[in-house]
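What follows is a set of notes on a single structure, which appears directly below.
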Amino acid sequence: MRRGLRVVVWLVLLALPFAAAAQDYPPPGSDTVNDWAEVLPPEAEARIAASLRAARQETGVQVVLVTMARIADHGGAGQRLESYAKGLFNAWGVGDGQRNDGILVLVATDDRAMRIALGAGYDPVWDNAAQAAIDRGFLPDFRAGRMGAGIETGMDEVIARIARPFAAGQPAPAPQEDGTDWLLFPLVAGAALLIGLRRRLGDL
């Protein structure tokens, strides 16, 4: 009996670091839009949330938007954006667990960084579609300092270039000749925002 109790205690102690790590990530406030950086006007946030709900009903694919000033303020101190986005994606369980088809769009305004995290159900070729969504959806307005407009247009591109074709069983759109893996661009006058794509998310 005492030996069994000792085993249980050790198991509990071993689980503590993992529980603590999970608590580093904030819980979602919504399954569509979490505008913690407060960059979206209320009407724009409502439009994006409605668009994401409609897209999920149409395609079955959950797309979640998260904005924050700095990932360090939300449990990401010392982490690379790629690792943080992956951890947040998995902690929230974005997308269907069987299809692994979730999409998380993370914009960290003060970090001047952004990432589109795709579930493991997407082949790496879908990175090209995500890059195109960034290039043609987010970037033009971001360059002009229109953060809210860029996010709204970009989220429409994410749905059109990734969620819809993936759900329909179509191949990923062909890569754009002008696309690049990593971009620097002005977020506001004199500032730059680092844009990157995820590599395929693995299991925790």
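The values are calculated or read from the model by the stated rules, or taken from the named source; none is laboratory data. Just so it is clear, the structure is predicted and the values come from calculations on it, not from any experiment. Positions of Cβ are backbone-derived with ideal geometry, glycine not excepted, and every protein chain shown enters the neighbour counts. Calculation scope for accessible area: heavy atoms of the full protein, side chains included, ligands and nucleic acids excluded. Shrake-Rupley method; radii C 1.70, N 1.55, O 1.52, S 1.80 Å.
If we scan the stretch 66-87, do we find a residue that is open to solvent by 20 Å² or more (accessible area, probe 1.4 Å), within 21 Å of residue 143 (Cα to Cα), modelled with pLDDT of 95 or more and of a type in the set (Lys, Arg)? There is at least one residue in the stretch 66-87 that is open to solvent by 20 Å² or more (accessible area, probe 1.4 Å), within 21 Å of residue 143 (Cα to Cα), modelled with pLDDT of 95 or more and of a type in the set (Lys, Arg).
Total residues in the stretch 92-142 satisfying the condition of being under 14 Å from residue 165 (Cβ atoms), of a type in the set (Val, Ile, Thr), open to solvent by less than 10 Å² (accessible area, probe 1.4 Å) and not in a strand (DSSP E or B): the figure is 0. Pairs linking a residue in the stretch 131-159 that is over 13 Å from residue 65 (Cβ atoms) and at pLDDT below 95 to a residue that is open to solvent by less than 10 Å² (accessible area, probe 1.4 Å) and charged (D, E, K, R), with Cβ atoms under 6 Å and 6 or more positions apart or on different chains, do not occur.
In the stretch 150-176, how many residues are in a helix (DSSP H, G or I) and open to solvent by 40 Å² or more (accessible area, probe 1.4 Å)?
Initially, the stretch 150-176 is screened for residues in a helix (DSSP H, G or I), giving 150-167.
The next check asks that each one be open to solvent by 40 Å² or more (accessible area, probe 1.4 Å); those that pass are 152-153, 156-157, 160-161, 164, 166-167.
Residues flagged as in a helix (DSSP H, G or I) and open to solvent by 40 Å² or more (accessible area, probe 1.4 Å) within the stretch 150-176 amount to 9.
Each residue in the stretch 10-45 was checked for being of a type in the set (A, V, I, L, M, F, W, C), touching a helix residue (DSSP H, G or I) at 6+ places or on another chain (Cβ under 8 Å) and at pLDDT 95 or above, and 5 of them qualify. Contact annotation: residue pairs with Cβ atoms under 7 Å, 6 or more positions apart or on different chains, pairing a residue in the stretch 69-93 that is within 13 Å of residue 36 (Cβ to Cβ) with a partner that is open to solvent by 50 Å² or more (accessible area, probe 1.4 Å), are 69/110; 70/110; 70/111; 71/79; 71/111; 75/24.
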